[in-house]
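Visitor: Take this structure first; my questions come after.
Bear in mind these aren't lab numbers, they're just calculated from the coordinates by the rules spelled out. All values derive from a computational prediction rather than experimental measurement. Note: ideal-geometry Cβ built from the backbone for every residue, glycine included; neighbour counts use all protein chains shown.
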Amino acid sequence: MSTGGGTKAIIAALVANIGIAISKFIAFLLTGSSSMLAESVHSVADSGNQALLLVGGKRAARAATPEHPFGYGRERYIYAFIVSIVLFSVGGLFALYEGYHKITHPEALVSPQIAIGVLVVAIGLEAYSFRTAIVESNKVRGNQSWIQFIRHAKAPELPVVLLEDFGAQVGLILALIGVGLSVITGDGVWDGIGTIGIGVLLVLIAIILAIETKSLLLGEAAGPEVQRRIVEALESEPSVESVIHMRTLHLGPEELLVAAKISIDPDLAADDLVAAIDSAEQRIRSAEPIARVIYLEPDFRRTNESPDSSSAAPAQAVSGAETGGS
């Protein structure tokens, strides 16, 4: 997935959240609603999160250095992980505290019509941001379900914005319900209950984001379809008899490391072997353009070896007389 769609969704969410945060905070000052305060902090946190994602994308684009020979692609994962921490601490925990305070010290709302009006407008603006994220995600989601897309996406920006916007929409509805019930019943406790609901929602979303981005930070292999295409590309090279085993690792969302031990024709001369390896690399890059770093180890198949393109064997097996390039 290219960064273009993710950047567009981030900018749309950032613009919407800045405007929403200002209007919510003004509504809080006028009404004293804890739901509005929680939503104000939520929108401020979301705006900061989108800024962090943009910074992460910019820093990840830096060229490789001798100290970091595989580049900085994983910075996008680091900043996405920071986003989950910010959402948890600033958004979720603050809303839980404010909701508890409101329930234990309920206060009547002042000019609740203002809060309701701001929430309705905010729902419309968040719907625009959410729609943008959905449209951009559909361009790369394929036939995956939304849960599969969020769990398996290698680029973190769109899943993060999707979950944030979804949480924002549900949070606004909870705030609207809390304020509405406070107006109907005259009991400010409902405003606090709505705030608690917002806090629980944000904490759950933050935990999901933390789990998914942690997996990306640890290093994930290419998906099964990508691995299948790479194996087919290797085995389409006439001098390659089969792939003995292969390991892949995402260095970033659009950067893939491929390391494979391949069984080659034992009668090849040295020059022909080098040409076969170069040709195999070109076939891999044609089949999977994000394969930026490729290491191939030529070998002969032993009688007790069987083809294995899974990730079960240790990565250290790819060593020795490796031939490859980046």
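Visitor: Is the shape of the chain best called rounded, prolate or oblate, per the rule: a/c under 1.5 gives rounded, else a/b larger than b/c gives prolate, else oblate, with a ≥ b ≥ c the square roots of the Cα gyration tensor eigenvalues? Don't skip to the answer; put the middle values down first.
Guide: Details: a/c = 3.50, a/b = 3.22, b/c = 1.09.
The shape class here is prolate.
Visitor: Can you work out the FRET efficiency for the pair residue 170 and residue 62, with r the C-beta to C-beta distance and R0 = 41 Å, to the nearest 0.05?
Guide: Values: r = 37 Å, r/R0 = 0.89.
My answer for the efficiency is 0.65.
Visitor: If you don't mind, there's one more thing I want to ask. What's the FRET efficiency of residue 236 with residue 70 using the Cβ-Cβ distance as r and R₀ = 30 Å, to the nearest 0.05?
Guide: It comes to 0.65.
Visitor: I've got another one for you. The stretch 218-295 to the stretch 1-65: how many Å between their Cα centroids?
Guide: If you average the Cα positions of each part, the centres end up 40 Å apart.
Visitor: Taking 0.36 nm per intervening residue step and subtracting the Cα-Cα distance, what contour gain separates residue 279 from residue 221 on full extension?
Guide: 18.5 nm
Visitor: Using Cα-Cα distances under 8 Å and only pairs 6 or more residues apart, what relative contact order does the stretch 122-255 have, in percent?
Guide: Details: 87 pairs, mean separation 30.9, N = 134.
Reported as a whole number, the value is 23 percent.
Visitor: A further question follows. Could you pull out the trypsin sites (Lys or Arg not before Pro) across the stretch 1-77 that fall in loop regions by DSSP (anything but H, G, I, E, B) with no more than 10 other Cβ atoms inside 10 Å?
Guide: none
Visitor: Still on this model: If packing is taken as the average number of other Cβ atoms within 10 Å across a peptide's residues, how do 249-258, 26-35, 96-105 rank, most packed first?
Guide: Output ranking for 249-258, 26-35, 96-105: 26-35, 249-258, 96-105.
Visitor: Okay, next question. Among 189, 14, 57, whose Cα sits farthest toward the positive end of the charge dipole of the chain (+1 at Cβ of Lys/Arg, -1 at Cβ of Asp/Glu, about the Cα centre)?
Guide: Projecting each Cα onto the dipole axis, the largest value belongs to 189.
Visitor: Please report the relative contact order for the stretch 181-311, taking Cα pairs under 8 Å with a sequence separation of at least 6, and give it as a percent rounded to a whole number.
Guide: Relative contact order of the stretch 181-311: 25 percent.
Visitor: Now a separate question. Roughly what % antiparallel, to the nearest 5, for the DSSP beta bridges in the chain?
Guide: 60
Visitor: Averaging sequence separations of C-alpha pairs under 8 Å and six or more residues apart, then dividing by the length of the chain, give the relative contact order as a whole percent.
Guide: After rounding, I find 19 percent.
Visitor: Which order, highest average first, do 77-86, 209-218, 268-277 follow once you tally other Cβ atoms within 10 Å for each residue and take the mean per peptide?
Guide: Packing order, densest peptide first, comes out as 77-86, 209-218, 268-277.
Visitor: Membrane-span-like helices in the chain: DSSP H runs reaching 18 Å or more (Cα, own axis), mean Kyte hydropathy at least 1.6? Please report the intermediate quantities before stating the final value.
Guide: Numbers: long enough: 3-31 (40 Å, 1.49); 34-60 (38 Å, 0.23); 112-141 (42 Å, 0.79); 157-185 (41 Å, 1.68); 189-218 (44 Å, 1.96); 270-287 (26 Å, -0.12).
Flagged H segments are 157-185, 189-218.
Visitor: Also, quick follow-up: Run the helix sum for the chain: -39,500 (n - 2.57) per DSSP H stretch of 4+ residues, divided by residue count, reported at 222 nm to the nearest 500 deg cm²/dmol.
Guide: About -21500 deg cm²/dmol.
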